[in-house]
Amino acid sequence: MAEVQTMLPIPVGFEVPVWGVAKLIILVGLLFYLVFAVVVIRQVQLMTKTIAGELDRTIRIVSWIHFALSVGVFLGVFLFL
Amino acid sequence: MDQHQKEQQNGKAEPYHLSMPDTIANERPTRNPLAAYMVKPKVRFETQEREEKVVLLLRRHFVTNLGWLFTTIFLLVIPLFWGYVPFFHLFPDRFQIVLIFLWYLVAVAFFLEHFLSWYFNVQLITDERIVDVDFYSLLYKEVSDTKIENVQDVTFVMGGALRALLNYGTVYIQTAGERREFDFEDVPHPNRVAKIINELLLEEEKERIEGRVR
């Protein structure tokens, strides 16, 4: 952290919680990703309704696993970072 | 209600629909759900009528996916070399792990979007219609169809060494319907697709001459 702070134009004696800000930025990014994961689920529902084939079930499961993974990463970052 | 409709209601008469084109009449249904050229596939589509049979399902040739497949592999491999990037070590260990997770999420998103786009952007040829299903973005879809009898002209183009080698190309279908042209881009066996549509068209004309109307 000290190394990064020396690279930034920060006044002497003033400490910026760099990694706290970084965590916040990552969480906001992951929040957008969660919205994207929900849109993918909705998209898959729409697509499988339009064309129903043999892989529908597998693709739906994959979209839910993708959503679960993004929730897992979000919670991991929120709790442990 | 005419005589045929009465018979159909009693289960005596066969429904009026075109027979399978000669080119694929004896072919077995395609089992591979990821095939780009599927004969008599086991699929149903939103606006399909009860008696309507899907003759062909077409997607872009698999080789058209190689670009994004290689990009996905590239995205998956990149984190292995992050250790050689000097500034990466400035991040605390926990952040390094999180960055790798984030990178892989982006790679998965990239793969999913391209796969879904390829898998669900299909063209269907049924015994009554030609249906073009396009998903342009995450939630925008366009489904166009035209009756076989509206088809006026079928042309196919195979340009370039790769297309000639792997036998894929674009089929242009001119119609008398609201949408003037259907383009089936980079589909496998364009010559066979054109032949099948022409056979269905001939069958349709034969039906019209015989006075059979669905």
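The values are calculated or read from the model by the stated rules, or taken from the named source; none is laboratory data. All of these numbers come straight from a predicted model, not from anything done at the bench. Neighbour counts are summed over all protein chains in view; Cβ atoms, including those assigned to glycine, are modelled from backbone coordinates with ideal geometry.
Go through (1) surrounded by 18 or more Cβ atoms within 10 Å (Cβ to Cβ); (2) within 14 Å of chain A (Cβ to nearest Cβ); (3) farther than 17 Å from B:Ala36 by Cα one by one and return the number of the condition B:Val106 breaks.
The single condition B:Val106 does not satisfy is (1).
Cβ-Cβ below 6 Å, separation at least six or inter-chain, first residue in region A:50-65 and in contact (Cβ under 8 Å) with a residue 12 or more places away in the chain, second surrounded by 13 or more Cβ atoms within 10 Å (Cβ to Cβ): which pairs?
Pairs that qualify, where the first residue is in contact (Cβ under 8 Å) with a residue 12 or more places away in the chain and the partner is surrounded by 13 or more Cβ atoms within 10 Å (Cβ to Cβ), are A:Ile59/A:Val44; A:Arg60/A:Val44; A:Ser63/A:Val40; A:Ser63/A:Ile41; A:Ser63/A:Val44.
Hey, could you check region B:112-140 for residues that are under 20 Å from B:Thr64 (Cβ atoms) and in a loop (DSSP other than H, G, I, E, B) and say which is nearest to the other protein chains (Cβ to nearest Cβ)?
So the residue we want is B:Val122.
Can you pull out the residues in region B:79-96 that are surrounded by fewer than 14 Cβ atoms within 10 Å (Cβ to Cβ) and either among the hydroxyl-bearing types (Ser, Thr, Tyr) or more than 9 Å from every other protein chain (Cβ to nearest Cβ) (or both)?
B:Leu80, B:Phe81, B:Gly83, B:Tyr84, B:Val85, B:Pro86, B:Phe87, B:His89, B:Asp93
Does region A:42-69 hold any residues that are more than 21 Å from B:Tyr104 (Cα to Cα), among the charged types (D, E, K, R) and more than 9 Å from chain B (Cβ to nearest Cβ), and which are they?
A:Asp56, A:Arg57
State all residues of region B:109-141 that are at pLDDT below 90 and surrounded by fewer than 16 Cβ atoms within 10 Å (Cβ to Cβ); if no residue qualifies, say none.
If the condition is that a residue be at pLDDT below 90 and surrounded by fewer than 16 Cβ atoms within 10 Å (Cβ to Cβ), then B:Tyr136, B:Ser137, B:Leu138, B:Leu139, B:Tyr140 are the ones that fit.
Restricting attention to region B:163-181, which residues are of a type in the set (A, V, I, L, M, F, W, C), closer than 15 Å to B:Arg129 by Cβ and either surrounded by fewer than 17 Cβ atoms within 10 Å (Cβ to Cβ) or modelled with pLDDT under 90 (or both)?
B:Ala176
Can you tell me which of (1) part of a strand (DSSP E or B); (2) closer than 21 Å to B:Ala35 by Cα is the one B:Leu162 doesn't meet?
For B:Leu162, the failing item is (1).
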